[in-house]
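Participant: Input: one structure, supplied below.
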Amino acid sequence: MCIRDRHIGAKKGEIAETVLLPGDPLRAKWIAETFLDNVVCYNKVRGMFGFTGTYNGKKVSIQGTGMGIPSALIYANELITQFGVKNLIRVGSAGSYQKEVKIRDIVLAMAGSTTSGINAQRFHGASYAPTASFELFNKAVITAKEKNIPIKAGNVLSSDEFYTDNFEDYKHWAEFGVLCVEMETAGLYTTAAKHNVNALSILTISDSLVTNERTSAKEREHTFKEMIEIALRLV
């Protein structure tokens, strides 16, 4: 089903070519109010806020996507096909699968494994490997070095389940080097590849399945700032 502007009620020209994509619409509001100048809210449909403003004089948009691949792809598809977006940068949280990937670490997702069935359907059971845009990935690495922000990079898992029946399942993915788990990257990378646009997921580790540590709300706000600063420098 495809109905024009069903989920994004913006007008042509109101959305920038580069969009940051937090899952939480209130996080989108916080990013816009904290980092951008001349902010305009272009979307409130279904409470999924979208904002456009400027960062260092350059136009950038922030669009909430909700949780999970199906929700995120609604917004990614509309941003690309209806509003001409060229760069989609997910900024979100993730749970660590590795002892060396610690709370508050920033992870750049080079590739997105997934438990979702979307790509299995799309490729008739074959295994497609969704990967990040090298252009955005390379710029993010350079930016992090310039700002002295430590990063880790590698494969992440986009899971369809937030609450799993078997907590120990993560160990199998960890054995194959998967760094952390979240819920959107594999779908975002696949959609970007289909439409020949750029996508990158920048993630902050908010909890660890290895140590059972969790960040507080105050700590998450501080570490999210570093992640957002990297993302905005890619505009």
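Participant: Give me Arg233, Arg90 sorted ascending by neighbouring Cβ count inside 10 Å, so fewest comes first. Could the numbers behind the result be given before it?
Facilitator: On the way: Arg233 16, Arg90 25.
Least to most surrounded, the residues fall as Arg233, Arg90.
Participant: Which of the chymotrypsin sites (Phe, Trp or Tyr not before Pro) across region 1-93 are loop residues per DSSP, with 12 or fewer other Cβ within 10 Å? Numbers along the way, then the final one.
Facilitator: Numbers: sites: Trp30, Phe35, Tyr42, Phe49, Phe51, Tyr55, Tyr75, Phe83; in loops: Phe49.
Passing sites in region 1-93 do not exist.
Participant: Okay, next question. What order do you get for Leu232, Leu21, Leu88 when you list them from fewest to most C-beta neighbours inside 10 Å? Display every interim value, and only then the final one.
Facilitator: Numbers: Leu232 21, Leu21 25, Leu88 28.
Exposure proxy ranking, most exposed first: Leu232, Leu21, Leu88.
Participant: What percent antiparallel are the DSSP beta bridges of the chain, to the nearest 5? Provide the component values of the computation, followed by the final result.
Facilitator: Values: 17 of 44 bridges.
Antiparallel bridges: around 40 percent, rounded to the nearest 5.
Participant: Only sites in a loop by DSSP and with at most 11 other Cβ atoms within 10 Å count here; which chymotrypsin sites (Phe, Trp or Tyr not before Pro) in region 94-139 make the cut? Numbers along the way, then the final one.
Facilitator: Numbers: sites: Tyr97, Phe123, Tyr128, Phe134, Phe137; in loops: Tyr97, Phe123, Tyr128.
Qualifying residues, ordered by number: Phe123.
Participant: Above 16 Å lies some portion of the pair distances; for region 60-136, what is it as a whole percent of all C-alpha pairs? Could you put the intermediate results ahead of the total?
Facilitator: Values: 1869 of 2926 pairs.
Tail fraction, whole percent: 64.
Participant: Check each of the trypsin sites (Lys or Arg not before Pro) in region 123-161 and keep only those in coil by DSSP with at most 16 other C-beta atoms within 10 angstrom; list them in order. List each step's numbers first, then the result.
Facilitator: Numbers: sites: Lys139, Lys145, Lys147, Lys152; in loops: Lys147.
Counting only loop positions with at most 16 other Cβ atoms within 10 Å, the trypsin sites (Lys or Arg not before Pro) in region 123-161 are Lys147.
Participant: Compute the semi-axes of the equivalent ellipsoid of region 32-93, taking the square root of 5 times each eigenvalue of the Cα gyration tensor, and list them largest first in whole Å.
Facilitator: Numbers: eigenvalues 77, 34, 27 Å².
Gyration-tensor ellipsoid for region 32-93: 20, 13, 12 Å.
Participant: Let me ask something additional. Please report the projected area of region 42-176's Cα convex hull averaged over all directions, in nm².
Facilitator: Numbers: hull surface 42.3 nm².
Value for region 42-176: 10.6 nm².
Participant: Same structure, new question: Can you compute the radius of gyration and Dmax for the chain, using only the Cα atoms, both in Å?
Facilitator: 16.7, 48
Participant: OK, next. Calculate the dipole size of the chain relative to its Cα centre from +1 charges on Lys and Arg beta carbons and -1 charges on Asp and Glu beta carbons; express the result in debye to the nearest 20. If you can, show how the numbers build up before the last one.
Facilitator: Working: 27 positive and 25 negative charges, 159 e Å.
Once rounded to the nearest 20, the dipole reads 760 debye.
Participant: Ok, one more. Among Ile89, Ile80, Ile151, what is the fewest-to-most ranking by other Cβ atoms within 10 Å?
Facilitator: On the way: Ile89 27, Ile80 20, Ile151 17.
With the fewest neighbours first, Ile89, Ile80, Ile151 line up as Ile151, Ile80, Ile89.
Values in this text are rule-based calculations from the coordinates and carry no lab data. Note that the structure is predicted; figures quoted are calculated from it, not measured. Here the Cβ is made from the backbone with ideal geometry for all residues, glycine too, and neighbour counts use every protein chain on show.
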